[in-house]
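As structure tokens, the structure follows; a few thoughts come after it.
The values are calculated or read from the model by the stated rules, or taken from the named source; none is laboratory data. On a predicted model such as this, the values are computed, not experimentally measured, just so you know. Using ideal geometry, Cβ is built from the backbone for each residue, glycine included, and neighbour counts are taken over all protein chains shown. Quick note on the areas: whole protein, heavy atoms, side chains included, nothing else; ligands and nucleic acids left out. Shrake-Rupley method; radii C 1.70, N 1.55, O 1.52, S 1.80 Å.
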Amino acid sequence: MSLPLFLATPLLLASLPATTTPPPSDVHSATQETEHFVLRYRPGSRAGASVDRTAFLVEQEYAEILHKLDIDGRVDESAPFELFLYDDVDELAEISGVEGTGGFSAGRESHFPWDNDQTRKHELVHIVVAAMERTGDEPRNMFFAEGLANAVLEYVHGVPVHAVAKYECQRGSLPPLKELVAHDDFYAYLRANPGLNAYDVAASYFLHLLQTHEPRRVMEYYHGKSIKGALKTTLRAAEKGWHEHLDAFPMRPELETLMRRRRGDGGEFTVHGPPEKNMPADVLGDPEEWTSVLANVTATDEVGTWTIGKDEVKGANGSGGDWSHVEVPGTRHGDCVLRMRAKTGPSCWGVKLRYGAGCEAILLGQGAFIYTPEGGIAHTDRVRLKGNSEVDIVLRVRDGHAEMFLDGVLLLEADLKLERSRIGFGIVGGEATVLEFAVRDLP
């Protein structure tokens with residue numbers, strides 16, 4: 001049912017809950033129709049403002065579900081599916097009478113907030129596969145329904161469902177399949193095991209089946225045919241193959257940290273706070289080794305304007321693609337570390353640190369660069385400049401090697417042929433205020 005909240009209302013309700021308020025169809029009187037859906041929304045609502053986008057997406061997702069599960073031609077399309085779009089979960093609860101869930105489905109209709117793409121797709125899987133005929137008499141609990149819906153997603157809240165199951169397997173808390181598939185009340189099982197993300201565990205199992213068997217056969221198993229009859233295997237053999245797949249699934253350290261935190265097992269991500277917490281000590285050196293040269297800079301071109309004060313330097317550049325530069329006149333530096341802390345305006349395109357024209361550490365909306373007169377020789381788009389933000393850029397030049405740090409994290413490196421140079425900084429487009437510009441000469 002609901003993706004954000006795991007204690008959800010059972011899927012195949014005979015009817016919506018009885019309430020003293022008008023039924024949702026009365027409140028959601030405005031409609032938009034597509035080939036397979038009727039989208040309902042409250043007139044004057046925020047959901048109604050985005051109904052065209054939702055109508056476009058649900059038809060795409062419908063086709064994706066049919067293809068991924070290989071069920072084209074097996075879904076009852078004699079009547080349209082009905083989708084009720086809400087402004088938020090509070091409105092959903094108030095109008096539908098269903099509380100404690102981020103979305104739910106009943107028969108051929110789904111209810112969800114208009115802006116939750118993940119929940120919408122999850123609920124679409126529910127109503128589409130519910131419109132198919134059963135293929136066997138074996139009972140199926142909601143482990144099947146919720147697992148298949150998240151298996152179609154593959155990534156839930158940005159995380160591979162296999163990673164969730166693998167972590168449970170590593171910690172020895174992955175329940176046996178015979179327990180999960182046989183529990184009469186799946187939601188009661190969830191309440192009794194609050195630390196277990198059983199939705200994504202179920203999704204991992206069904207995704208593995210879809211990846212290793214014909215999806216059409218998996219759907220026969222889903223709809224009541226025995227696993228032996230549908231997939232020519234046993235539950236024990238399917239579980240063994242699933243566990244072998246989880247053992248081989250690559251788990252990055254950061255992902256394992258996330259799994260540990262979600263499960264309540266502790267673990268912290270690397271702090272991305274003040275640069276001093278991240279930057280190597282040999283780059284920072286001692287505070288007394290740094291010399292502030294902020295108030296010493298002068299403009300070197302006529303592009304843009306600079307207001308130079310003791311504690312800050314403001315640059316304004318509305319000329320388009322031409323950089324505006326300042327530098328510290330007179331002194332040329334050999335191996336050194338430069339540091340600039342700046343606040344960018346809303347329309348600023350880029351900022352840079354300069355070790356003369358021969359080596360520039362540039363941060364733009366397209367990414368970060370180490371630049372020379374011949375062009376960019378190192379680049380990453382892992383970080384991008386954003387307007388109205390504060391950046392801390394460090395450029396270390398030592399023994400013909402340049403390193404660029406952003407907020408204490410090493411981004412780029414390059415080998416250069418350099419001569420002693422004047423130091424400075426620059427901006428392009430918009431405005432920026434430089435709050436710190438300092439140099440640390442290296443032995």
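Checked against (1) in contact with an Asp or Glu (Cβ under 7 Å, 6 or more places away or on another chain); (2) more than 15 Å from residue 123 (Cα to Cα); (3) aliphatic (A, V, I, L, M); (4) surrounded by fewer than 20 Cβ atoms within 10 Å (Cβ to Cβ), residue 47 passes all but a single condition, namely (4). Which numbered condition trips up residue 377, out of (1) touching a residue at least 40 places away in the same chain (Cβ under 8 Å); (2) open to solvent by 10 Å² or more (accessible area, probe 1.4 Å)? Every condition holds for residue 377 apart from (1). Do we have residue 116 as open to solvent by 10 Å² or more (accessible area, probe 1.4 Å), over 25 Å from the mean Cα position of the chain (by Cα) and either modelled with pLDDT under 95 or of a type outside the set (Val, Ile, Thr) (or both) here? So residue 116 does not fit the description; no. Just the residues that are aromatic (Phe, Trp, Tyr) and under 18 Å from the mean Cα position of the chain (by Cα), please, taken from segment 138-175. Matches in segment 138-175: 155 only.
Would you confirm, using the coordinates I've provided, whether residue 334 is touching a strand residue (DSSP E or B) at 6+ places or on another chain (Cβ under 6 Å), surrounded by fewer than 20 Cβ atoms within 10 Å (Cβ to Cβ) and farther than 14 Å from residue 432 by Cβ? In short, no. Please determine whether any residue of segment 85-101 is assigned to a helix (DSSP H, G or I), at negative phi and aromatic (Phe, Trp, Tyr). No; the residues of segment 85-101 include none that is assigned to a helix (DSSP H, G or I), at negative phi and aromatic (Phe, Trp, Tyr). Applying a threshold of 9 Å to beta carbon distances and a minimum spacing of six or more residues, or different chains, the list of pairs starting in segment 64-91 at a residue that is under 14 Å from residue 125 (Cα atoms) and at pLDDT below 95 and ending at one that is open to solvent by 50 Å² or more (accessible area, probe 1.4 Å) and assigned to a helix (DSSP H, G or I) is empty.
Residues in segment 312-321 include at least one that is closer than 18 Å to residue 433 by Cβ, of a type in the set (Asp, Glu) and in contact with a strand residue (DSSP E or B) (Cβ under 8 Å, 6 or more places away or on another chain). Counting only residues that are touching a residue at least 24 places away in the same chain (Cβ under 8 Å), open to solvent by 60 Å² or more (accessible area, probe 1.4 Å) and more than 20 Å from residue 308 (Cβ to Cβ), segment 337-374 holds 3 of them.
If residue 257 meets every condition in (1) at pLDDT below 95; (2) among the polar types (S, T, N, Q); (3) farther than 30 Å from residue 408 by Cα apart from one, which number is that one? For residue 257, the exception is condition (3). Residue 317 meets all of the listed conditions (1) open to solvent by 20 Å² or more (accessible area, probe 1.4 Å); (2) within 35 Å of the chain's Cα centre (by Cα); (3) of a type in the set (S, T, N, Q) but one, namely (1).
Identify, please: which residue in segment 302-314 is open to solvent by 80 Å² or more (accessible area, probe 1.4 Å) and charged (D, E, K, R) and is, among those, modelled with the lowest pLDDT? Going through the qualifying residues, I end up with 310. Filtering 241, 224 for residues that are open to solvent by 20 Å² or more (accessible area, probe 1.4 Å) and of a type outside the set (Val, Ile, Thr) leaves a single hit, 241.
With the checklist (1) out of contact with any Asp or Glu (no Cβ under 9 Å at 6 or more places or on another chain); (2) open to solvent by less than 60 Å² (accessible area, probe 1.4 Å); (3) small (Gly, Ala, Ser) in hand, flag the one item residue 198 doesn't pass. Condition not satisfied by residue 198: (1). When we screen 179, 168, 154 for residues that are open to solvent by less than 10 Å² (accessible area, probe 1.4 Å) and acidic (Asp, Glu), the only hit is 168.
When you scan segment 260-285, how many residues do you find that are within 18 Å of residue 411 (Cβ to Cβ) and either aliphatic (A, V, I, L, M) or modelled with pLDDT of 90 or more (or both)? Residues in segment 260-285 being within 18 Å of residue 411 (Cβ to Cβ) and either aliphatic (A, V, I, L, M) or modelled with pLDDT of 90 or more (or both): 4 in total. Residue count for segment 18-44, restricted to those that are open to solvent by 50 Å² or more (accessible area, probe 1.4 Å), assigned to a loop (DSSP other than H, G, I, E, B) and either modelled with pLDDT under 95 or among the β-branched types (Val, Ile, Thr) (or both): 6.
Here is the figure for segment 293-341: residues that are among the small types (Gly, Ala, Ser) and assigned to a strand (DSSP E or B) total 4. Segment 348-443 holds strands (runs of 3 or more DSSP E) entirely within its bounds, and those carrying 2 or more residues that are within 19 Å of residue 323 (Cβ to Cβ) map to 350-355, 359-364, 367-372, 375-380, 390-398, 401-406, 423-428, 430-441. In this structure, does residue 159 turn out to be within 21 Å of residue 125 (Cα to Cα), crowded, with 19+ Cβ neighbours inside 10 Å and of a type in the set (Val, Ile, Thr)? No, not satisfied. In the set 99, 59, 154, only one residue is in contact (Cβ under 8 Å) with a residue 40 or more places away in the chain and charged (D, E, K, R); that residue is 154. Considering 435, 406, 411, 385, the condition of being within 14 Å of residue 338 (Cα to Cα), open to solvent by 10 Å² or more (accessible area, probe 1.4 Å), under 34 Å from the mean Cα position of the chain (by Cα) and without any contact (Cβ under 8 Å) to a residue 60 or more places away in the chain is satisfied by 406 alone.
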